[in-house]
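**Student:** I have a structure I would like to understand better, so I am pasting it below and will then ask my questions one at a time.
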Amino acid sequence: MTGTAIAALALPFDNSFASLPPAFYTRLMPTPLPAPYLVAASPSAARLIGLDPAVLAEEDSLAAIVGNRVPERSKPLAAVYSGHQFGVWAGQLGDGRAILLGEVATAEGPMELQLKGAGLTPYSRMGDGRAVLRSSIREFLCSEAMHALGIPTSRALSVAGSDQGVVRETIETSAVVVRMAPTFVRFGSFEHWYYKRQEGELKILADYVIDRFYPELREKQNPYAAFLEEVTRRTARLVAQWQAVGFMHGVLNTDNMSILGQTLDYGPFGFMEAFNSRHICNHSDQNGRYSYANQPQIGHWNCYALAQALLPLVGEVDAAQEALGVYQEVFEDKMSELLHAKLGLREQRDSDRELLDTMFGLLQANHADFTLFFRRLSGLHSTDAGGDEPLRDLFIDRPAFDAWAGSYRARLQAEGSVDAERKLAMDRCNPKYVLRNYLAQVAIEKAQNKDFSEVARLLQVLERPFDEQPGNESYAALPPDWASELEVSCSS
Ligand code: AMP
Ligand code: MG
């Protein structure tokens, strides 16, 4: 161990979830993973929990982050939950391959640490309790990338692999991600007790979550209705943030919806590239239930599912309806705020809807790259078309682009926009670097050949998504032709 650094094994763990009655979980140990190796660690996530990142490569820590040795005072457990999958009630699910170690105190409050891929649990159903290296690297990178984008998310501390084979479409190798969040309680955790008609447990869970994460709601006349409303608000804002960066979750089942309004359970997610509002990032989602365009209404649908589950506590259907009713307005307000910021507009005007609709129509018709479009938009001059070229190049229909750029310029002039100031502000909210599928794929393929350098490099790039990064320009480039063949599915 170096200096005064704390080994991961020695972290002062607590476990408040384990203080819930035994029906909420099963206490168990992770299944050891043979000959583990560290693939990558997030220095900023490590610092958040008081770990020196260098420590994670040491043997003791490595044993801890794959579950081969359990830290003292942690009370490992797998939690039970249920959920709606693709709109259909799926019954009991639960942590089929995730094991909660407990929580550690941080500057941001207690953070739970969970090992994802740490072996069978009573909730594994047909699964093997493992996660493959491919999906683990994707979850690790995207968690940290989303955090750097300022979007609420679970974090990822580390990903460690083993040559132990696991069968998916082909034989792959296994990995364990240590992920962190204040809680991993989901909408489906509430649905579980509602559908089992166990209102006592439902209340215990709601009281636990409210007391711990929404204590201010205790003062409200109906704390459960207030809770539903606040989760609805957070969900609406979260989905707006996803839409604004072109993030598609891919599997917005109610068991993947965080009760804190954070992005949770990274699987077949994707970032919008050639814009198509109907884009489906998950190859297993044949009907496009979770397409980009559908995400906002799915967020609302999921809140309805939560409302249904909370109804015995909320009491009145009207109160639940009222709580759910905030979704649309919160979503639209947040979306409007974010889009105005993306366009560098300080003021909101009635005519902006048309400007935005035309813009999305143009992006759609030309399949322009979503990230590059907004990033290059900051380079436009408000008075002349002299700086249009890099942006204009993204469009096949140049006259249509020119017409839109003209109205955008007029709109900028109408509020006395100052180009240099606007560029600065826009570059702080339109990322240059996002986790494009092909970037993840390159890092994954190298990692599968035991070269982990690209995962680390990609993490470094994605930790500063808004900065110009000389030397890393290639990470902001359009995807290569082979990327169109990439398919991500629920298989992970
Ligand atoms: P997901 O679609 O990844 O959110 O997973 C849905 C449910 O399946 C959750 O209860 C997971 O814990 C479980 N699950 C997914 N993959 C596995 C696996 N390989 N082994 C055990 N359970 C799994
Ligand atoms: Mg899940």
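The values are calculated or read from the model by the stated rules, or taken from the named source; none is laboratory data. Since the structure is predicted, the reported quantities are computational estimates derived from the model, not experimental observations. A quick note on method: Cβ atoms are made from the backbone with ideal geometry, for glycine too, and the neighbour counts reach across all protein chains shown. Heads up: the accessible areas ignore ligands, DNA and RNA and are worked out on the full protein's heavy atoms, side chains in. Shrake-Rupley method; radii C 1.70, N 1.55, O 1.52, S 1.80 Å.
**Student:** Residues being part of a loop (DSSP other than H, G, I, E, B), open to solvent by less than 80 Å² (accessible area, probe 1.4 Å), under 19 Å from C281 (Cα atoms) and not aromatic (F, W, Y): count how many of those fall in the stretch 431-481. Working first, answer last.
**Tutor:** Initially, the stretch 431-481 is screened for residues part of a loop (DSSP other than H, G, I, E, B), giving 431-436, 449-452, 463-472, 477-480.
Next cut, open to solvent by less than 80 Å² (accessible area, probe 1.4 Å) only: 431-436, 451-452, 463, 465-467, 469, 471-472, 477, 479-480.
Then drop every residue that is not under 19 Å from C281 (Cα atoms), which leaves 433-436, 479-480.
Remaining after also requiring not aromatic (F, W, Y): 434-436, 479-480.
Going through the stretch 431-481 one residue at a time, the tally reaches 5.
**Student:** Can you confirm whether L120 is of a type outside the set (G, A, S), within 10 Å of ligand 1 (Cβ to nearest atom), open to solvent by less than 10 Å² (accessible area, probe 1.4 Å) and touching a Ser or Thr at 6+ places or on another chain (Cβ under 8 Å)? Walk me through it before giving the result.
**Tutor:** Numbers: of a type outside the set (G, A, S): yes; within 10 Å of ligand 1 (Cβ to nearest atom): yes; open to solvent by less than 10 Å² (accessible area, probe 1.4 Å): no; touching a Ser or Thr at 6+ places or on another chain (Cβ under 8 Å): yes.
Considered against the rule, which asks whether it is of a type outside the set (G, A, S), within 10 Å of ligand 1 (Cβ to nearest atom), open to solvent by less than 10 Å² (accessible area, probe 1.4 Å) and touching a Ser or Thr at 6+ places or on another chain (Cβ under 8 Å), L120 comes out as no.
**Student:** Take the conditions in contact with a helix residue (DSSP H, G or I) (Cβ under 9 Å, 6 or more places away or on another chain) and acidic (D, E) and apply them to D95. Does it pass? Spell out how you get there, then give the answer.
**Tutor:** Values: in contact with a helix residue (DSSP H, G or I) (Cβ under 9 Å, 6 or more places away or on another chain): no; acidic (D, E): yes.
Against the criterion (in contact with a helix residue (DSSP H, G or I) (Cβ under 9 Å, 6 or more places away or on another chain) and acidic (D, E)), D95 does not qualify.
**Student:** With the requirement that a residue be assigned to a strand (DSSP E or B), more than 10 Å from ligand 1 (Cβ to nearest atom) and under 17 Å from N15 (Cβ atoms), what does the stretch 80-106 give you? Please lay out each step first, then the result.
**Tutor:** Residues of the stretch 80-106 that are assigned to a strand (DSSP E or B), as a first pass: 82-85, 88-92, 98-104.
If we keep only those that are more than 10 Å from ligand 1 (Cβ to nearest atom) as well, we get 84, 88-89, 91, 99-104.
Passing the criteria: I99, L100, L101, G102, E103, V104.
**Student:** For the stretch 161-195, give me each residue that is over 30 Å from F452 (Cβ atoms) and of a type in the set (S, T, Y).
**Tutor:** Selection gives T183, S189, Y194, Y195.
**Student:** May I ask you to verify whether A420 is among the aliphatic types (A, V, I, L, M), over 25 Å from L362 (Cα atoms) and over 19 Å from the mean Cα position of the chain (by Cα)? Full working, then the answer.
**Tutor:** On the way: among the aliphatic types (A, V, I, L, M): yes; over 25 Å from L362 (Cα atoms): yes; over 19 Å from the mean Cα position of the chain (by Cα): yes.
So A420 passes the test.
**Student:** Testing F374 on (1) under 27 Å from E468 (Cα atoms); (2) open to solvent by 10 Å² or more (accessible area, probe 1.4 Å), one condition comes back false. Which one is that?
**Tutor:** Evaluating F374 over (1) under 27 Å from E468 (Cα atoms); (2) open to solvent by 10 Å² or more (accessible area, probe 1.4 Å) leaves (2) as the failure.
**Student:** Scanning the stretch 377-399 for residues that are out of contact with any Gly (no Cβ under 7 Å at 6 or more places or on another chain), open to solvent by 30 Å² or more (accessible area, probe 1.4 Å) and assigned to a loop (DSSP other than H, G, I, E, B), which turns out farthest from P479 (Cα to Cα)?
**Tutor:** The selected residue is T383.
**Student:** Ok, one more. Which of the residues that make up the stretch 107-119 are more than 16 Å from ligand 2 (Cβ to nearest atom) and assigned to a loop (DSSP other than H, G, I, E, B)? Outline the logic, then answer.
**Tutor:** The first filter runs over the stretch 107-119 and keeps only residues more than 16 Å from ligand 2 (Cβ to nearest atom), leaving 107-111, 113, 119.
Matches in the stretch 107-119: A107, E108, G109, P110, G119.
**Student:** If you don't mind, another one. Give the number of residues within the stretch 245-268 that are more than 16 Å from ligand 1 (Cβ to nearest atom), open to solvent by 10 Å² or more (accessible area, probe 1.4 Å) and outside any loop (DSSP other than H, G, I, E, B). Give the derivation first.
**Tutor:** Let us first name the residues in the stretch 245-268 that are more than 16 Å from ligand 1 (Cβ to nearest atom), namely 245-247, 260-261.
Next, only the ones that are open to solvent by 10 Å² or more (accessible area, probe 1.4 Å) stay: 245, 260.
Filter once more, so that each one left must be outside any loop (DSSP other than H, G, I, E, B): 245.
Count: 1.
**Student:** Scan the stretch 217-229 for residues that are of a type outside the set (S, T, Y) and surrounded by 22 or more Cβ atoms within 10 Å (Cβ to Cβ) and jot them down.
**Tutor:** Residues of the stretch 217-229 of a type outside the set (S, T, Y): 217-223, 225-229.
A225, F227, L228, E229, listed by residue number.
Okay, residues lined up against (1) of a type outside the set (D, E, K, R); (2) over 30 Å from N449 (Cα atoms); (3) within 16 Å of ligand 2 (Cβ to nearest atom):
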{"position": "L51", "(1), (2), (3)": "yes, no, no"}
{"position": "R73", "(1), (2), (3)": "no, yes, no"}
{"position": "V132", "(1), (2), (3)": "yes, no, yes"}
{"position": "R138", "(1), (2), (3)": "no, no, yes"}
